[in-house]
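Student: Just dropping this structure here.
The values are calculated or read from the model by the stated rules, or taken from the named source; none is laboratory data. This one's a predicted model, so the numbers in the text were calculated from it and none came from an experiment. Here the Cβ positions follow ideal geometry from the backbone for every residue, glycine too, while neighbour counts run over all protein chains shown.
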Amino acid sequence: MKHRYSKEEVSICAWFRGAAEAGNPYAQFNLALLYKRGKGVERDEEQAFAWMRLAALQGIAFAQNHLGAMYYNGCGTPRDDAEAVFWFRMAAKQGDASAQQNLGLMYRKGRGVPRSDDMALTWFSRAAEQGVASAQTLLGEAYAQGLGTQRNFALALAWFRKAALQGDATAQLNLGLMYRRGHGVLQSDTQAIAWYRQAAAQGHAAAQRHLGIVYAEGRGVTADLERACSWLQRAADQGDADAQFHLAVMLSNGHGLPKDEALAAQWYRRAADAGHVLAQYNLGSLYAYGRGVERDAERALDWYRKAAEQGAANAQFNVGVIYANGHGVPKDEARAVAWYRHAAAQGDASAQNNLGVMYANGQGVPQDDIEAVRWYRKAAEQCHPLAQYNLGGMYNSGRGVEQNPVLSYMWISLAAEAGDETARTNRKLIERRLTREELGSALQMTQRWRDAHRA
């Protein structure tokens, strides 16, 4: 489609073309920009690249930086990280601050060069010293996270402040987070919120999300769920997955917005599609129970599995339960054991208990009472009532451990106190078999365990 340009635009383009064809590198650079932006001439990335390269070859630093960016993004030429690094370096050595920052980012990401936080820090520092706000922010992040240097909150704070005062929204957010956490500065929710506001007013999605969470929690401000949802909505509309997740939670619970599980499911899905692990887990639960969506065991498993593969222990446990019971999939006890084991290794008490059950019954693994006791004990020590009951049963029958009615009473008693009716019944049966001395000892052991785990 042909565009209509003003006489002035056409005249400027013609002037730059004449000078560019005569070999003027600055005219070549400007003509490249006109082709890149479609000003006075039809937009043509290949022509933009050709003219930018001519200017770069004549040593114009800002043309070299632009050429590096074109190689990096694949504009007018195939993407080539090594070439991008070459041209960023050429410009950076001439002192071009934007190129110095770009070269630092290449080292940070390991694109076109071996990844090196040390080299990234070096180039960010050079650009930051020239007053480039975005480089100052990157340098502050390096000091805050200890990337290429020892963690230094004071220096991080100083660089964030320099950038924030120049209006850099990311620096303003980071400065707010420093105040919120008391890193390098006296903790202050008031200061944190003030910096969040500045960044949020510029449309910074993460700052809008943090401001929404502040209003939801009522920390540093009067709690206002409607205002919380308003800020979360703004961030969610920009694609912030964390904000989408939090907004879905608010909708699911009817906090600040009318309860709407169908709409919550839509926001969970957006966040889940972006890889948000908690959103994937919650979306799996919606499909599992038919809340806001049609009940669908296969989709529940699919979303649980996505979260499980990212290491979410509760999702790993649920995937294990699905395979153990054959809900929406063929029953597969060996696969159930594998998922229980992943969650159990992370300390998930329910998974540890279920893994104990699988060993006790020889489901998906060779029957092994000793392993069953080991996993029951791990979960029981975390106050898992069913595991406590199961461990008590092993002591009662002498499976995997030496038979011990006193310890059996202790564990089953703890399960009973947590509300397990079967445990209450069995505790009475065991109590009848204990001598007065054994019962006294069992009660003392139960009290000591309770005191030690009161928190």
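Student: Being under 18 Å from Gln352 (Cα atoms), part of a helix (DSSP H, G or I) and among the polar types (S, T, N, Q) is the requirement here; does Asn426 meet it?
Tutor: Taking the combined requirement at face value, the residue does not satisfy it.
Student: Which of the residues belonging to the stretch 198-223 are without any contact (Cβ under 8 Å) to a residue 24 or more places away in the chain and either closer than 16 Å to Leu257 by Cβ or within 19 Å of the chain's Cα centre (by Cα) (or both)?
Tutor: Leu211, Tyr215, Ala223, listed by residue number.
Student: Which of the following residues is more than 24 Å from Arg115 (Cα to Cα), touching a residue at least 24 places away in the same chain (Cβ under 8 Å) and surrounded by fewer than 18 Cβ atoms within 10 Å (Cβ to Cβ): Gly176, Gly131?
Tutor: None of the other options fit; the residue is Gly131.
Student: For the stretch 134-151: of the residues being assigned to a helix (DSSP H, G or I), among the small types (Gly, Ala, Ser) and in contact with a helix residue (DSSP H, G or I) (Cβ under 6 Å, 6 or more places away or on another chain), which is surrounded by the most Cβ atoms within 10 Å (Cβ to Cβ)?
Tutor: Per the criteria, the residue is Gly140.
Student: Can I ask one more? Suppose we filter the stretch 369-391 for residues that are charged (D, E, K, R) and in contact with a Lys or Arg (Cβ under 9 Å, 6 or more places away or on another chain); how many remain?
Tutor: Within the stretch 369-391, residues that are charged (D, E, K, R) and in contact with a Lys or Arg (Cβ under 9 Å, 6 or more places away or on another chain) number 1.
Student: Separate question: Which is part of a helix (DSSP H, G or I), within 29 Å of the chain's Cα centre (by Cα) and among the basic types (Lys, Arg), of Arg53, Arg79, Arg89, Arg108?
Tutor: Arg108
Student: Right, another one. Which residue, of His276, His327, is of a type outside the set (Val, Ile, Thr), modelled with pLDDT under 95 and in contact with a helix residue (DSSP H, G or I) (Cβ under 6 Å, 6 or more places away or on another chain)?
Tutor: Residue meeting the stated conditions: His327.
Student: Go through the stretch 289-310 and give me each residue that's over 24 Å from the mean Cα position of the chain (by Cα) and crowded, with 19+ Cβ neighbours inside 10 Å.
Tutor: Gly292, Val293
Student: Would you pick out the residues in the stretch 32-50 that are assigned to a helix (DSSP H, G or I) and not polar (S, T, N, Q)?
Tutor: Hits for the stretch 32-50 are Ala32, Leu33, Leu34, Tyr35, Lys36, Arg37, Glu45, Glu46, Ala48, Phe49, Ala50.
Student: Further, regarding this structure: Of the residues Phe62, Phe16, Phe29, which single one is on the phi < 0 side of the Ramachandran plot, in a helix (DSSP H, G or I), within 38 Å of the chain's Cα centre (by Cα) and of a type outside the set (A, V, I, L, M)?
Tutor: Phe62
Student: Is it the case, given these coordinates, that Arg219 is surrounded by fewer than 15 Cβ atoms within 10 Å (Cβ to Cβ) and in contact with a helix residue (DSSP H, G or I) (Cβ under 6 Å, 6 or more places away or on another chain)?
Tutor: yes
Student: Have a look at Ala387, Ala442 and point out the one that is within 39 Å of the chain's Cα centre (by Cα) and hydrophobic (A, V, I, L, M, F, W, C).
Tutor: Ala387
Student: Has the stretch 340-348 got any residue that is acidic (Asp, Glu), buried (at least 16 other Cβ atoms within 10 Å of the Cβ) and without any contact (Cβ under 8 Å) to a residue 40 or more places away in the chain?
Tutor: yes
Student: What are the residues in the stretch 250-299 that are acidic (Asp, Glu) and within 24 Å of Gly218 (Cβ to Cβ), if any?
Tutor: Matches in the stretch 250-299: Asp260 only.
Student: Which is within 22 Å of the chain's Cα centre (by Cα) and either over 26 Å from Pro366 (Cα atoms) or buried (at least 24 other Cβ atoms within 10 Å of the Cβ) (or both), of Ala274, Ala313?
Tutor: Checking each option against the conditions leaves just Ala274.
Student: Within the stretch 117-128, is even one residue crowded, with 20+ Cβ neighbours inside 10 Å and either closer than 20 Å to Gln202 by Cβ or in contact with a His (Cβ under 6 Å, 6 or more places away or on another chain) (or both)?
Tutor: Looking for residues that are crowded, with 20+ Cβ neighbours inside 10 Å and either closer than 20 Å to Gln202 by Cβ or in contact with a His (Cβ under 6 Å, 6 or more places away or on another chain) (or both), one finds none in the stretch 117-128, hence no.
Student: Only one of these conditions is not met by Trp195: (1) surrounded by fewer than 24 Cβ atoms within 10 Å (Cβ to Cβ); (2) modelled with pLDDT of 95 or more; (3) over 21 Å from Pro258 (Cα atoms); (4) not aliphatic (A, V, I, L, M). Which number is it?
Tutor: (1)
Student: Oh, and also: Only one of Gly239, Gly212, Gly256 is surrounded by 16 or more Cβ atoms within 10 Å (Cβ to Cβ) and not in a helix (DSSP H, G or I). Can you tell me which?
Tutor: Just a single option satisfies the conditions, and that option is Gly256.
Student: So, one more: Within the bounds of the stretch 159-168, is there any residue that is polar (S, T, N, Q) and assigned to a helix (DSSP H, G or I)?
Tutor: No - not one qualifying residue is present in the stretch 159-168.
Student: With the requirement that a residue be closer than 17 Å to Tyr281 by Cα and not aromatic (Phe, Trp, Tyr), what does the stretch 329-360 give you?
Tutor: His342, Ala343, Gln346, Asp348, Ser350, Ala351, listed by residue number.
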